[in-house]
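> I'd like to ask some things about the structure below.
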Amino acid sequence: MSKIVLRDEYIKLGQALKAAHLVDSGVEAKIVIQGGQVMVNGQVETQRGKKLYDKDVVTYNGETVTIVK
């Protein structure tokens, strides 16, 4: 499990996937998110602009990333 440390109040889901190196580009992030392949806190999330805050957990392709402040 990896972690993303917040520099601001939140990070958007697409940015988080790129920051964690789970996708190579914003376009790829958009495709996998809209395709229902990404989960946030155990729920499928299809909004690329979903704001993630401290303690949110993102799961994609068998990888888990925790957002920390």
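The values are calculated or read from the model by the stated rules, or taken from the named source; none is laboratory data. Small disclaimer: the values here were computed from a predicted structure and weren't measured. With ideal geometry, Cβ positions are generated from the backbone for all residues, glycine too; neighbour counts draw on all protein chains shown. Keep in mind that these areas ignore ligands, DNA and RNA; they rest on the heavy atoms of the full protein, side chains included. Shrake-Rupley method; radii C 1.70, N 1.55, O 1.52, S 1.80 Å.
> Mind checking which aspartates and glutamates have their C-alpha under 12 Å from Lys30, skipping anything on the same chain fewer than 8 residues away?
List returned: Glu45.
> Once the piece of chain linking Val57 and Gln43 is laid out straight, how much longer is it, given 0.36 nm per residue of separation minus the C-alpha distance between them?
Here the segment from Val57 to Gln43 would lengthen by 4.0 nm.
> Stick to Cα atoms and the Kirkwood definition of Rh, then tell me Rg/Rh for the chain.
0.91
> Please give the net charge around Tyr53, taking every other residue with its beta carbon less than 15 angstrom from that of Tyr53, where Lys and Arg add +1 and Asp and Glu add -1.
Every neighbour counted, the sum reads +2.
> Something else: How large a share of the accessible area of the range 1-67, in percent, is made up of carbon and sulfur atoms when the probe is 1.4 Å and the other protein chains stay in place?
The computed percentage sits at 43.
> Between Asp8 and Ile31, what length comes free when the chain is fully extended (0.36 nm per residue of separation minus the Cα-Cα distance, one decimal in nm)?
5.7 nm
> Under 13 Å from the Cβ of Leu6, count the other residues' Cβ atoms, weight Lys and Arg +1, Asp and Glu -1, and hand me the total.
Here the charged neighbours net out to +2.
> Around Leu22, under 11 Å between beta carbons, what's the net of Lys plus Arg minus Asp minus Glu among the other residues?
Summing Lys/Arg as +1 and Asp/Glu as -1 gives -2.
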